[in-house]
């Protein structure tokens, strides 16, 4: 049995951050009912040329395993049905701009009045109540505003965009909030509301750099380098766009590396006898290492480095991950049938339990696929009532 079996979620989320939160909860066994409409479907159901997608593949990665119903939340009757669904749910999750749910009558005040045991989580750019709460944002803005962007990139270059990682980090924090709320409810019987701001999540990811700034030290952009290890980076190999990541920490690892690449002269230099000395001259060591890796097959280079005790691995592309037998065996990569009739590899549960199960049991839902169950069985609407609501574009 899955840990959250029997838990029901009313899922108002769209795009990535919120859907990833409920996606994780669904993999833990929660029944996740995703609310969309034909007029305003989740944007990830559509191709997204900006991200180079000609088909909506990202939707599969955050919505597989969920149930789908259509509701026009801007119609008073649509909002009323959403409240009725939340009233028989354990959890509600949303990630609209601050103020949207209140205007619909679907905020914490509106939903908890009918269900005091409800656990609700809002995931937004800057939180629900703050000077910047109405600021709309997507993942690159979260990272930029939270300081991650200015710390990403090379020392001689501009700040770099931090994209989907921020959506998923915010969603993961939303998952933690739901689990904390369910745990608290089991202890004292009351629901709770949680306000998760992606900007806060980004700031919480740069703690050591905030300490540096507070002490008057300007943080640096390190690129692929590391302040305490050298060589440390991603190095080109033979055969085109193929790279190997290498990290040398201990003195004996550096000695072994030099022997492998035929640079005993570097190993003999006193200034490279310590990590501090190697870090002070990292550029020269990077050149020496890449002179060797650029003549090697990426996989062979990684295996040779590992063989002498140096941490190294090929920098995999997505196709290598999808094809990896290890990830397939663990169920991290699984294949599911998609609404278009094809099959797609999706990300399975990232955790394993000794006495429970986790994972995806079905593929991506078609829009409105589960309305017989949700509207008919759960909300007890007759066929005639549903037909009328469709005519009124409440269910649409």
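Since every read-out is calculated from the coordinates, none of them should be taken as a lab result. As the structure is a prediction and not an experimental result, all values here were calculated from the model. Backbone-built Cβ (ideal geometry, glycine too); neighbour counts: all protein chains shown.
For this structure, a couple of remarks:
- Counting only Cα atoms, the stretch 100-174 measures 56, 24, 15 Å along its principal axes, largest extent leading.
- Rounded to the nearest 10 degrees, the angle from helix 76-87 to the longest Cα principal axis of the chain is 70 degrees.
- Calculated [θ] (222 nm, deg cm²/dmol) that DSSP helices of n ≥ 4 give over the chain, each run adding -39,500 (n - 2.57): -11000 deg cm²/dmol
- Relative contact order (percent, whole number), the stretch 200-282, Cα cutoff 8 Å, 6+ residue spacing: 23 percent
- For the stretch 235-260 versus the stretch 327-396, the gap between their alpha-carbon centres in whole angstrom: 45 Å
- Per residue, the average separation of C-alpha pairs within less than 8 Å and at least 6 apart gives the chain a relative contact order of 19 percent.
- With Cα atoms, 0 to 90° folded angle of helix 17-27 axis to the chain main axis: 80 degrees
- Residue exposure proxy: 272, 209, ordered by other Cβ atoms within 10 angstrom of their Cβ from fewest to most, comes out as 209, 272.
- When 193, 235 are sorted by how many other C-beta atoms sit within 10 angstrom of their C-beta, beginning with the fewest, the order is 193, 235.
- Extension gain (nm, one decimal) between residue 366 and residue 204, 0.36 nm per residue minus Cα-Cα: 54.6 nm
- Counting beta carbons within 10 Å around each of 261, 395, 9, 206 and listing the fewest first gives the order 206, 261, 395, 9.
- Nitroxide proxy distance, nm - points 7 Å out along Cα→Cβ at residue 176 and residue 392: 4.3 nm
- Taking 0.36 nm per residue of sequence separation and removing the Cα-Cα distance, the residue 321/residue 287 pair yields an extension gain of 9.4 nm.
- Evaluated at q = 0.06, 0.08, 0.12, 0.13 Å⁻¹, a Debye calculation over the C-alpha positions of the chain (equal weights, vacuum) places log10 I(q)/I(0) at -0.32, -0.54, -1.03, -1.14.
- The GNM of the chain, with springs linking C-alpha atoms under 10 angstrom apart, assigns the highest mean-square fluctuation among 161, 80, 299 to 299.
- Modelled label reach - residue 213, point 7 Å along Cα→Cβ, the stretch 140-159 residues with backbone N closer than 12 Å: 144-151
- Computed from the Cβ-Cβ distance with R0 of 45 Å, the FRET efficiency linking residue 156 to residue 43 stands at 0.80.
- Percent RCO, i.e. relative contact order, over the stretch 179-244, from Cα pairs under 8 Å lying at least 6 residues apart: 12 percent
- Distance between the modelled labels on residue 236 and residue 273, one decimal in nanometres: 3.5 nm (7 Å Cα→Cβ projection).
- Axis of helix 251-261 versus longest Cα principal axis of the chain: the two differ by about 80°, to the nearest ten degrees.
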